[in-house]
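Structure first, commentary second.
Derivation of every value follows stated rules applied to the coordinates shown; laboratory data play no part. Quantities reported herein were computed from a predicted structural model and do not represent experimental measurements. Virtual Cβ from ideal backbone geometry, glycine too; neighbours counted across all protein chains shown.
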């Protein structure tokens, strides 16, 4: 990898901006100062804003195939439609991950946490496809296979009349066996590919599975990732099943630590916030998905006040049909102005980019490697074009980026010092190939496949008191 | 204007889609059917979705210059920063309107309602500039000059200690005189330019001004437009000043009718909904601005249930720093899923586009001319590119458009039969000219100009009980 000198980039500093040069060598930032002597490739960054790369802290890449497919429904019924139409071909797994990686890097991300669906019995081929996709595009990726050992209906509050169901086709020992094989074969930190341990959520995992997941991640120093209290139904289920909050239950099982990211966390109670702060867990906020599914507003201002680390995520394309990280950051910033009348508590645009970058890096245990523009860290950063029509007139560049509607503003992206986007174009893959792949499966998913919902909807309406 | 045949466009029909041709002649839709005989210019619309053009039902075009400028603040304090940095040069008015028109047409709009700031004493030149801008771009525009006869501090709840203030520099007779001149000179329906009567809001208008506005619009059959109950402070002010709801007060003054659009309407009470339905008034929902300013969530599902017509707006770029109508429609669709647990009440993507098109047209009293794909109506419609990467894979095109993150998907736009966008490019203006105009005023607005806020903030915090 060549040395690179970024010349004359605008960067935010306390109370303003300054123009500086950045020297990259062997994938790392080695100097940040004006007027550096040139070594290696020189990149003219005049009229460009340079920011550390963001983390997309929660998505499900294979849902790229379900973008725009599912009608307005709450999570539990949306899941039924999702299961009926999920993509399971290995080629779809590959292109889904490519699509997610491309959308992420072209909206400011240099790292993605993919809570990846693996078709039963095809786990190794599927994860191989996703790893190949992320290596091809060149984004850093934490891939946490979705694992569970309880069937769908067991994840619903049962109410007065329990639903009957067959057992889930895999049990903890079998799951842990293929997870161990995946770790051995694919966890490759030096290549920017990290395997995470991702039980889908307490609602569909036995305590045994959750405990063994925690042990597995401890043994290999891997990130842990799970859905948490996304909906009121999940909140009700925790009360029904444990009699204590889901957060307390996860703490009791030893699941929460500084490498644990908790997607959604919408239905937290005040006492949960202390636990999350004490355990140094990270909340991953997915505002667009939370609105699309009517899940609620995650108490992000309360998290911040309690000292809980917060990152942003897009969630999968079946529940946030765009995968634009800047859109998620915008909404995850302004949405919370509804929740506190005192505007001095509102998230500022500068705070938002710090959450997206450093909050994200901290969440996936990469704070020493990425998340800020710091000498010694890996060169993971993005140049935004300040001459782009959507960034004009030039008032406050960070506010334009976070509050505006940036349109193709990502000019250049480096991940671990490798240039993967330049002049707005992906360097690592012909985007036309992706477009052709997505075109070819037209009509493969279809609303006519929606069947499971009919078996669940009456129970859901009853337990949620909707009739 | 040439006859045009749109060949093979996809259009939504009940429960699905069909492919059809559309014949335009003399600016109107004259036939909609498959396999029409070709007359005039033929446009190949294969793999394109055709929808009626949307209305951007509320914006302030000159705020294009304040995009990204103002920090996170509630409306009343944001307004102070806005006044200190507002653009008032005639050239800025022109380019602000061009910018707004371009952003609107490139995000599916064929009509904009511009609640336009006119610099005091320069009303005629300023409106002439805006009219020129809209005619140049070719969008249909309702231009409602912002008018008021009470000063800024009179628009705040006074609480226990009234604020002293000078009278506003213009009184109703003078305002009505230049409004009459503007109507005479610029109201030109046949050219798609409509003057509206736009008192800024009850909070800064005397009853006399509001009554005379209603009379003026009746006399000339003009649209009425005003801000309504955007914030809790405005709700408090109405109680303090009138002792009844602002909606009831406006009804008593004769201000509400079928040509009246009410921007925001966040703090409506249930009794207000009946009044709005009875008077056939339209609520213009501006979800992004309402979040940015922490104003609240307008009760849109309740409006729909009560039979109140609803349209979407972007609001000005100082409070919604992007001006993308599709973004406003998306958020204005999914946001309300928070407000009703029963998902059968949620706004569907198809309902959303009907609100954006027909809801908008109805609001500005143009339902007979535009808002739907109907033989005899003006040819105001948009082709969206279904082969665009952000619209793939092709699942449900309307859901992809509303729920997704469409990126440069507008392929073609016609307004009154005139092609103003083709192959994604504006035909009527060189966009590079706009970019150069916006570049040249860099740093003209500056946070260092924020002064007024300091005189108002202590009072605001007291009345809002924030200390």
ask   = What is the Cα coordinate range of the stretch A:51-160 on the first, second and third principal axes, sorted by size from largest, in whole angstrom?
value = 52, 32, 23
note = Here the Kirkwood hydrodynamic radius of the protein assembly as shown, Cα-based and in Å, equals 28.5
task = Could you work out how far helix A:325-334 tilts from the main Cα principal axis of chain A, as a 0 to 90 degree angle to the nearest 10?
result = 80
P(r) of the stretch A:245-361 over all Cα-Cα pairs, binned every 10 Å from zero, in whole percent = 14, 48, 33, 5
note = Output field shielding_mean for A:342-348 (other chain Cβ, 10 Å radius) holds 5
inquiry  = If you take each beta carbon of peptide B:61-71 and count the beta carbons of other chains within 10 angstrom, what is the mean?
reply    = 5
task = Could you pull the Cα extents of the stretch A:128-191 along its three principal axes, largest to smallest, in whole Å?
result = 51, 23, 16
note = Given a Förster distance of 41 Å, the FRET efficiency implied by the Cβ-Cβ spacing of residue A:125 and residue A:466, rounded to the nearest 0.05, works out to 0.50
request  = With r as the distance between the Cβ atoms of residue A:375 and residue B:191 and R0 = 35 Å, compute the FRET efficiency 1/(1 + (r/R0)^6) and round to 0.05.
outcome  = 0.05
Per-residue Cβ neighbour rank within 10 angstrom, fewest leading, A:403, B:168, B:242, B:384 = B:242, B:168, B:384, A:403
ask   = Angle, helix B:75-84 long axis vs. longest principal axis of chain B, Cα atoms, 0 to 90°, nearest 10?
value = 90
ask   = Roughly what angle does helix A:172-186 make with the longest principal axis of chain A, taking Cα atoms, 0 to 90 degrees, to the nearest 10?
value = 20
note = So, with points 7 Å from each Cα along the Cβ direction, the residue B:341-residue B:239 label distance in nm works out to 2.7
ask   = Put a dot 7 Å past each Cα toward the Cβ at residue B:207 and residue B:423; how far apart are the dots in nm?
value = 6.2
query = Order of A:312, A:235 from fewest to most other C-beta atoms within 10 Å?
reply = A:235, A:312
ask   = Just how many % of Cα pairs in the stretch A:54-363 lie over 34 Å apart, if you round to the nearest whole percent?
value = 13
query = For residue B:44, which inter-copy label distances result when the label point lies 7 Å beyond Cα on the Cα-to-Cβ vector, reported in nm to one decimal and in ascending order?
reply = 3.8
remark   = Evaluated at 37 °C and 0.692 mPa s, the Stokes-Einstein D of the stretch A:329-467 based on the Kirkwood radius over Cα pairs, in µm²/s, stands at 170
request  = Note down the nm distance, to one decimal, between modelled labels 7 Å out along Cα→Cβ at residue B:451 and at residue A:46.
outcome  = 3.5
request  = Tell me, rounded to the nearest percent, the portion of alpha carbon pairs in the stretch A:393-467 spaced more than 14 Å apart.
outcome  = 79
query = What are the distances, in nm and sorted shortest first, from the label point of residue B:252 to the label points of the same position in each other copy, with each label point placed 7 Å from Cα along the Cα-to-Cβ direction?
reply = 6.0
query = Could you give P(r) for the stretch A:1-83, binned at 5 Å from zero, as whole percent values over all Cα-Cα pairs?
reply = 3, 12, 16, 14, 9, 6, 7, 8, 9, 11, 4, 1
ask   = Which distances, shortest first and in nm, link residue B:162 to the matching position in the other copies, using label points set 7 Å out along Cα to C-beta?
value = 7.1
key: Protection proxy ranking of A:130-136, B:87-93 - average other beta-carbon atoms within 10 Å, highest first   = A:130-136, B:87-93
query = Quick one: if the Förster radius is 45 Å, what FRET efficiency do residue B:215 and residue A:408 give, using the C-beta to C-beta distance and rounding to 0.05?
reply = 0.40
key: the stretch A:110-216: radius of gyration over Cα atoms, expressed as a fraction of 2.2 N^0.38 Å   = 1.17
Hydrodynamic radius of the stretch A:196-310 per Kirkwood, over alpha carbon pairs, in Å = 13.9
query = When the chain is fully extended, how far beyond the present Cα-Cα distance does residue B:26 get from residue B:161, taking 0.36 nm per residue of separation?
reply = 42.4 nm
